[in-house]
2 protein chains.
Amino acid sequence: MIIDCHGHYTTAPAAHTGWRASQLAAFRAGGRAPAYPAISDDEIRESIEQNQLRLLRERGADMTIFSPRASAMAHHEGDERVSQEWARACNDLIARVTGLFPETFMGVCQLPQSPGAGLAGSVAELERCVTELGFVGCNLNPDPSGGWWTSPPLTDRYWYPVFEKMTELDVPAMIHVSSSCNPVFHATGAHYINADTTAFMQLIQGDLFADFPDLRLVIPHGGGAVPYHWGRYRGLADMLGKPPLSEHVMKNVFFDTCVYHQPGIDLLVEVIDTGSILFGSEMVGAVRGIDPETGHHFDDTKRYVDAAALPEAGRAKIYSGNARRVYPRLDKALRERGL
Amino acid sequence: MIIDCHGHYTTAPAAHTGWRASQLAAFRAGGRAPAYPAISDDEIRESIEQNQLRLLRERGADMTIFSPRASAMAHHEGDERVSQEWARACNDLIARVTGLFPETFMGVCQLPQSPGAGLAGSVAELERCVTELGFVGCNLNPDPSGGWWTSPPLTDRYWYPVFEKMTELDVPAMIHVSSSCNPVFHATGAHYINADTTAFMQLIQGDLFADFPDLRLVIPHGGGAVPYHWGRYRGLADMLGKPPLSEHVMKNVFFDTCVYHQPGIDLLVEVIDTGSILFGSEMVGAVRGIDPETGHHFDDTKRYVDAAALPEAGRAKIYSGNARRVYPRLDKALRERGL
């Protein structure tokens with residue numbers, strides 16, 4: 001079984017995206033958002049079958065851990081109420097996808113974060129999504145300001161309410177920023193990768209997993225710059241008087257395989273223990289084209305993992321074993337189906 | 001000949017560092033900085049001989065392109081006048097090092113940037129350092145706010161005065177941030193690497209080298225996350241309708257080898273043309289410890305380059321040929337010495 005831990009609903013029906021535009025326009029005008037539009041099951045089916053489901057089948061994966069479009073979370077837009085409405089709309093739409101395609105998609109929620117706001121609303125939405133919608137995790141944005149980085153580090157007690165609820169519900173978070181409203185940062189080319197790198201370094205500096213020994217965080221996009229600079233991070237941990245990374249952070253931190261060329265995946269599996277890597281493609285996502293050097297889609301990361309020099313047991317962990325361990329609610333659902 | 005393109009005077013005499021503290025204290029108190037202290041040649045000699053020069057000899061390099069301590073540039077401190085005084089003091093100290101060790105050190109200057117200020121002072125200091133002190137390049141900070149990222153992208157016309165002067169003087173810049181006053185970003189573990197990644201993506205988005213075909217920019221720390229995510233960047237350039245990276249940016253952009261483990265260097269030389277890589281160690285610098293896995297210093301990057309699967313012609317380019325091409329004033333000085 002092959003589980004893709006990192007898929008986004010980037011192909012949501014136009015009515016959904018249109019409602020978001022109306023919601024933000026209403027906010028700017030000082031009014032309330034219009035009623036959320038009717039979207040038929042057929043529209044949702046079509047948007048999935050022609051995109052994510054088609055690609056999953058073409059590429060040979062079985063299941064995707066599926067969340068709302070990351071760049072559209074845009075927690076920097078509007079205020080906390082706007083983020084709450086939008087998160088709820090996005091998560092309910094994901095729940096409709098998982099309801100229509102229960103064999104293939106498991107839900108992960110967007111949180112109603114807002115710059116400067118507390119996290120009570122995020123805790124409540126996480127609980128709703130897990131207990132009522134059957135979701136198996138959440139996406140946590142370390143920079144809801146969208147590129148201005150005004151929130152404290154992830155090791156700050158500000159974030160603890162979410163980590164406490166995650167621990168209680170036994171669900172992981174993917175650390176995932178959204179779009180950037182700071183013109184220096186291209187969203188998928190700089191902000192995403194920087195956030196991954198930044199989060200990992202915060203976890204080295206702090207001691208978050210002493211307080212939350214069971215917390216599990218997935219750092220996407222192959223861990224940002226971290227595996228490439230693994231020596232730097234091992235050396236910095238040493239300079240900061242921290243235990244080796246294997247003990248200090250890597251019992252709780254996982255990287256996905258959203259690295260879009262063979263040498264990158266080869267490095268990832270060379271330096272990072274296979275127990276810490278989850279298969280992911282980020283599709284349909286950041287990079288949609290075909291690599292002229294290979295003739296295949298850049299984000300067809302299964303090809304790179306298949307070609308990497310790995311023992312089969314390691315590849316099996318990357319493809320499903322680790323995901324089932326990091327997302328125990330997913331594992332439970334699969335076991336109930338005899339899988 | 002082996003030229004290290006990335007060395008900082010991190011071991012400057014205490015009187016120099018102490019003056020900076022006094023300068024900032026005076027600024028905060030609304031007064032003027034005290035007179036710059038007397039520092040003897042012997043103090044400078046000792047600070048170099050026991051550190052950079054000793055390590056160069058132990059590790060087998062011949063020359064370092066040498067600049068003031070990057071983390072101490074701290075352009076976010078004080079105001080433009082404070083940055084001007086400090087840049088001048090730092091650059092004059094580098095000139096004393098290059099005067100005392102002309103065979104081994106070539107100067108690169110810090111610029112008197114300040115958040116929100118124009119670049120006329122930086123242009124003037126660059127000209128002074130190159131024409132009066134014999135420097136061969138500069139360090140350009142894309143984020144003088146120190147982690148708040150309030151300056152425009154490097155492709156914005158704001159930066160053009162520096163690029164024009166660099167072109168006129170035929171000197172390159174290393175794109176190098178300083179310390180971070182934003183608590184989310186560890187300086188050497190996040191801010192440095194993020195800035196490298198960010199700058200590269202800005203260059204993909206823009207078309208800077210159409211306006212400055214001869215401009216040369218060195219992106220340090222192995223290009224941040226870029227080589228690890230080379231497929232992502234090739235794909236994003238394609239999505240943005242840009243020419244292949246080899247044409248669009250890689251005629252003008254160079255990466256150093258400040259990547260502190262063998263797999264990282266192996267990836268760098270696999271995906272990046274050897275004509276675009278300059279040997280660098282960043283020493284004495286970001287990571288000073290010994291790697292328990294190898295028994296050698298993390299930042300002894302020559303070991304990794306020596307061990308990388310490279311034809312000798314490629315290694316020679318990385319060790320000196322590219323540096324002589326990117327820093328033509330260095331090349332001229334070496335040729336005048338018959339080297």
task = From (1) free of Cβ contacts under 8 Å to residues at least 24 places away in the same chain; (2) under 22 Å from the mean Cα position of the chain (by Cα), pick out the condition that doesn't hold for residue B:6.
result = (1)
query = Mind checking which residues of region A:6-31 are assigned to a loop (DSSP other than H, G, I, E, B) and under 30 Å from residue A:319 (Cα atoms)?
reply = A:10, A:11, A:12, A:13
request  = For residues that are within 9 Å of residue A:235 (Cα to Cα) and among the β-branched types (Val, Ile, Thr), scanning just region B:285-306, find the one that is surrounded by the most Cβ atoms within 10 Å (Cβ to Cβ).
outcome  = B:287
query = Is it true that residue B:106 is under 17 Å from residue B:202 (Cα atoms) and touching a residue at least 60 places away in the same chain (Cβ under 8 Å)?
reply = no
query = Which of the residues that make up region A:100-122 are assigned to a strand (DSSP E or B) and small (Gly, Ala, Ser)?
reply = A:107
note = Taking region A:166-196 and keeping only residues that are more than 12 Å from every other protein chain (Cβ to nearest Cβ) and in contact with an Asp or Glu (Cβ under 6 Å, 6 or more places away or on another chain), one is left with A:167
request  = Pull up region B:130-146, narrow it to residues that are under 15 Å from residue B:167 (Cα atoms) and crowded, with 17+ Cβ neighbours inside 10 Å, then point me to the one that is nearest to the chain's Cα centre (by Cα).
outcome  = B:139
request  = Hey, can you tell me all the residues within region A:123-154 that are more than 14 Å from chain B (Cβ to nearest Cβ), in a loop (DSSP other than H, G, I, E, B) and not aliphatic (A, V, I, L, M)?
outcome  = A:132, A:134, A:135
inquiry  = Taking the conditions exactly as written (within 14 Å of chain B (Cβ to nearest Cβ), among the aliphatic types (A, V, I, L, M), under 21 Å from residue B:261 (Cα atoms) and assigned to a loop (DSSP other than H, G, I, E, B)), does residue A:286 satisfy them or not?
reply    = no
query = Only one residue in A:280, A:264, A:224, A:241 is within 19 Å of residue B:286 (Cβ to Cβ) and either surrounded by 20 or more Cβ atoms within 10 Å (Cβ to Cβ) or acidic (Asp, Glu) (or both). Which one?
reply = A:224
request  = Out of A:209, A:200, report the one residue that is in contact with a strand residue (DSSP E or B) (Cβ under 9 Å, 6 or more places away or on another chain), assigned to a helix (DSSP H, G or I) and more than 10 Å from chain B (Cβ to nearest Cβ).
outcome  = A:209
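Okay, residues lined up against (1) farther than 25 Å from residue A:267 by Cβ; (2) among the aromatic types (Phe, Trp, Tyr); (3) part of a loop (DSSP other than H, G, I, E, B); (4) out of contact with any Asp or Glu (no Cβ under 8 Å at 6 or more places or on another chain):
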| site | (1), (2), (3), (4) |
| --- | --- |
| A:305 | no, no, no, yes |
| A:309 | no, no, yes, no |
| A:334 | yes, no, no, yes |
| A:338 | yes, no, yes, yes |
task = Give the residues of region A:25-64 that are out of contact with any helix residue (DSSP H, G or I) (no Cβ under 7 Å at 6 or more places or on another chain) and of a type in the set (A, V, I, L, M), sorted by residue number.
result = A:25, A:26, A:29, A:35, A:38, A:53, A:55, A:56, A:63
key: Residue selected from region B:214-257 under the condition in contact (Cβ under 8 Å) with a residue 40 or more places away in the chain and in a helix (DSSP H, G or I), by the criterion farthest from the other protein chains (Cβ to nearest Cβ)   = B:248
key: Yes/no for residue B:236 being surrounded by fewer than 21 Cβ atoms within 10 Å (Cβ to Cβ), modelled with pLDDT of 95 or more and aliphatic (A, V, I, L, M)   = no
query = Considering B:12, B:35, B:26, which residue is in contact with a Pro (Cβ under 9 Å, 6 or more places away or on another chain) and free of Cβ contacts under 8 Å to residues at least 12 places away in the same chain?
reply = B:26
request  = Taking only region A:91-102 into account, find how many residues are of a type outside the set (A, V, I, L, M) and either buried (at least 24 other Cβ atoms within 10 Å of the Cβ) or in contact (Cβ under 8 Å) with a residue 60 or more places away in the chain (or both).
outcome  = 1
ask   = Out of all the residues in region B:200-209, is one or more buried (at least 24 other Cβ atoms within 10 Å of the Cβ) and without any contact (Cβ under 8 Å) to a residue 40 or more places away in the chain?
value = yes
task = Assess whether residue A:217 counts as being surrounded by fewer than 24 Cβ atoms within 10 Å (Cβ to Cβ), closer than 24 Å to residue A:162 by Cβ and either modelled with pLDDT under 95 or aliphatic (A, V, I, L, M) (or both).
result = yes
key: Selection count where residues are facing chain B (nearest Cβ under 7 Å) and in contact (Cβ under 8 Å) with a residue 40 or more places away in the chain, scope region A:260-283   = 5
key: Unmet criterion (only one of (1) out of contact with any strand residue (DSSP E or B) (no Cβ under 7 Å at 6 or more places or on another chain); (2) part of a helix (DSSP H, G or I); (3) crowded, with 19+ Cβ neighbours inside 10 Å; (4) of a type outside the set (Phe, Trp, Tyr)) for residue A:87   = (1)
note = Those residues of region A:79-102 which are aliphatic (A, V, I, L, M) and more than 19 Å from residue A:50 (Cβ to Cβ) amount to A:82, A:87, A:89, A:95
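The values are calculated or read from the model by the stated rules, or taken from the named source; none is laboratory data. This is a predicted model, so every value here is computed, not measured. When we count neighbours, we look across all protein chains shown, and the Cβ atoms used for this are built from the backbone with ideal geometry, even at glycine.
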